[in-house]
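The values are calculated or read from the model by the stated rules, or taken from the named source; none is laboratory data. The structure displayed is predicted, hence computed values, not measured ones. Positions of Cβ are generated from backbone atoms using ideal geometry, with glycine treated the same way; all protein chains shown enter the neighbour counts.
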Amino acid sequence: MPDVAVTIVGGGIVGCAVADAAARAGRSVVLLEQEQAVGRGTTSRNSEVAHGGMYYPTGSLKARFCVEGRHLLKAFSAEAGLGWRECGKLIVAVEADEIPALQQLHALGLANGVEDLQLLEPQEVSRLEPGVRAAAALISPRTAVCDAEGLARGLARRAAAHGAQVLCGARVTALARDGVAWRVTVAADSRREGWSHTSGAVVNAAGLYADQVAALAGIDVEARGWRQVLVRGSYFRIAPRHRGRVGRLVYPLPPTDGSTLGAHLCLDLGEGLRLGPDFAAPLPPGSDPALIAWAVDAARADAFHQDAVRFLPWLERDDLTPDMSGMRPKLAAHGFRDFVADRGEGELAGLVNLVGIDSPGLTASMALARHVVDELMAA
Ligand SMILES: Cc1cc2nc3c(=O)[nH]c(=O)nc-3n(C[C@H](O)[C@H](O)[C@H](O)COP(=O)(O)OP(=O)(O)OC[C@H]3O[C@@H](n4cnc5c(N)ncnc54)[C@H](O)[C@@H]3O)c2cc1C
C-alpha cells in the first residue's frame, strides 16, 4: 500500500482545486507547494477574470472547462464568502471593419454555450458605457471578476477540512517509479527536514514549472511538445480619479493568432482600473521561472496608452503607472494550443500531467480538477 493515494505537486489554483476534488472524493491527499503559502504563483499575477468562454475552439478543453469552471468557481466563491463581481464584459470593434470578427466571436461563443451573449449597436454601447468608444460590441453579462488567491486558499482549506494535508515550503525534487506507486522526494527547507513518501497517483500542477516536473518523472518534454514558453504580460494602473468611469471589463478584439486576448481594461473587486496584460517577447528557452524579475518596464506606458485610447478616449498618458506582471506558461508563443491534461500509461501509470495551463486556467480550474479526479485518475 502506498503511503498516500494522491500527491499533488503545486498549490496554485489548479493544484488546490485538484486537492479539494480528490479529498472530497474520499482519497487521501497530500498537496505540496514550494512557496510558503498557496496561490502565490501565476494565480496571484493575472486579471482575475472569470471568463465567459467565447474565445476557444468549440470542443477544446479550454472551451469546455471555461464555461463549466466559471459556474463552479461562482458557487464556491459564494460558499466561501469570497468576492465575485458579475460586472460583465464588452468586447469592442473600435472600427467598422472589425465588426465581422466580432460576429465570428459571437458565433463561437454561442457554439461554446456561453450564456446571454448579445451584439450591441454603438448607441447601446454609449448608453451602457458612455466612457467607451465602439462601432459595435459583444456583451458577455456573465463574465465576472473574482479573488483568485482567496479562491486558492479557500479550496486548500476545504481540501484540508476533508482530510488533505496541505504542506507549504515543500519543493518536490524527484519523482520515481516505486513498484506500482510513485516515490515523491521533497527537499528540506529552513523549517523542516526533507522526506520521501510513496503515492498511488501524482498530479503535476506545477504551473510555470510543469515541464520541469514532468521531466523529473523521466518524460522527454521536448519530444512531447510540452516545453513551456514563458511570455510576460504587464499591467498599468489607471489613476484613481477615473474609478467608476467604466463599470464593465472592456476588451479589444483579440489578435487573430490566438496567442492572447489583447490588453484590456480590467476592474478589480474594489473597482480600481488597470490596463493589461500586454504580450511581450517570450523569455529565452530554458529560462528558470525562479529567476524571473517581475518589475514592469515603465517605458511600456506609451504603447499601452496608444492601444487603449482607441476605445477609452478619455485616457491620458499620465494616468498610467506601472503595476505588476505575470508570466504565461504557453506551449507555443503564437497560435492556439489547448491545455495538456495527460494520464500516463505503462511506466507512467498513475501520473497526471497538467501542462500549458495558461488563460483561462483560473476560470477552468475547478472543472479541470473534476476531470482529473473523475476521468484521469479513475481506476
Ligand atoms: C498575465 C496573465 C493574466 C491572466 N488572466 C487570467 C484571467 O483573467 N482569467 C483566467 O481564467 N486565467 C488567467 N490567466 C491564467 C491563470 O492565471 C493561470 O492559468 C492559472 O493561475 C494557473 O494556475 P496554476 O495552479 O496552474 O499555476 P500557479 O498558480 O503558477 O501554481 C503552480 C504552483 O506550483 C508550485 N510549484 C512549482 N514547482 C513545484 C515543485 N517542484 N514542488 C512544489 N511546488 C511547486 C509553484 O510554486 C506554484 O505555486 C492569466 C495568466 C497570466 C500570466
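Filter the range 252-275 down to residues that are in a strand (DSSP E or B) and at pLDDT below 95 and give me whichever is farthest from D147 (Cα to Cα).
Looking at residues that are in a strand (DSSP E or B) and at pLDDT below 95, I get P252.
Kindly indicate which of L72, L31, L82 is surrounded by 18 or more Cβ atoms within 10 Å (Cβ to Cβ), touching a residue at least 12 places away in the same chain (Cβ under 8 Å) and within 11 Å of the ligand (Cβ to nearest atom).
Selected residue: L31, the only one of L72, L31, L82 that is surrounded by 18 or more Cβ atoms within 10 Å (Cβ to Cβ), touching a residue at least 12 places away in the same chain (Cβ under 8 Å) and within 11 Å of the ligand (Cβ to nearest atom).
Just to be sure I understand the filter: pairs with C-beta atoms under 7 Å, separated by 6 or more residues or on different chains, first member in the range 361-373 and closer than 16 Å to K330 by Cα, second member polar (S, T, N, Q). Which pairs pass?
L362/T43; L362/N46
When residues of the range 319-338 are filtered for being hydrophobic (A, V, I, L, M, F, W, C) and buried (at least 23 other Cβ atoms within 10 Å of the Cβ), how many remain?
1
Just need a number here: residues in the range 1-15 that are crowded, with 24+ Cβ neighbours inside 10 Å and touching a strand residue (DSSP E or B) at 6+ places or on another chain (Cβ under 7 Å).
Residues in the range 1-15 being crowded, with 24+ Cβ neighbours inside 10 Å and touching a strand residue (DSSP E or B) at 6+ places or on another chain (Cβ under 7 Å): 8 in total.
For the range 141-226, which strands (runs of 3 or more DSSP E) that fit wholly inside it have 2 or more residues that are among the aromatic types (F, W, Y) and within 10 Å of the ligand (Cβ to nearest atom)?
none
Just need a number here: residues in the range 37-64 that are within 10 Å of the ligand (Cβ to nearest atom) and more than 16 Å from L110 (Cβ to Cβ).
15
Which pairs do you get when a residue that is on the phi > 0 side of the Ramachandran plot, found in the range 216-230, comes within reach of a residue that is charged (D, E, K, R), reach meaning Cβ atoms under 8 angstrom, with the pair 6+ apart or on two chains?
Sorted first by the residue in the range 216-230, then by its partner, the pairs are G218/E347.
Looking only at the range 120-140, count how many residues are touching a residue at least 60 places away in the same chain (Cβ under 8 Å) and outside any strand (DSSP E or B).
6
Do you know which of the residues in the range 302-328 that are part of a helix (DSSP H, G or I) and over 20 Å from G131 (Cβ atoms) is farthest from the ligand (Cβ to nearest atom)?
D302
Given the conditions (1) within 16 Å of the ligand (Cβ to nearest atom); (2) under 30 Å from S126 (Cβ atoms), which single one is not true for L368?
(2)
Return the residue satisfying two criteria in turn: it lies in the range 227-243 and is in contact with a strand residue (DSSP E or B) (Cβ under 8 Å, 6 or more places away or on another chain) and among the charged types (D, E, K, R), and of such residues it is farthest from the ligand (Cβ to nearest atom).
Filtering the range 227-243 for residues that are in contact with a strand residue (DSSP E or B) (Cβ under 8 Å, 6 or more places away or on another chain) and among the charged types (D, E, K, R), the one farthest from the ligand (Cβ to nearest atom) comes out as R243.
Can you find even one residue in the range 88-105 that is away from the ligand (no atom under 11 Å from the Cβ) and within 21 Å of A160 (Cα to Cα)?
No, the range 88-105 contains no residue that is away from the ligand (no atom under 11 Å from the Cβ) and within 21 Å of A160 (Cα to Cα).
Which of the residues that make up the range 223-246 are in contact with a Gly (Cβ under 8 Å, 6 or more places away or on another chain) and loosely packed, with under 15 Cβ neighbours inside 10 Å?
P240, R243
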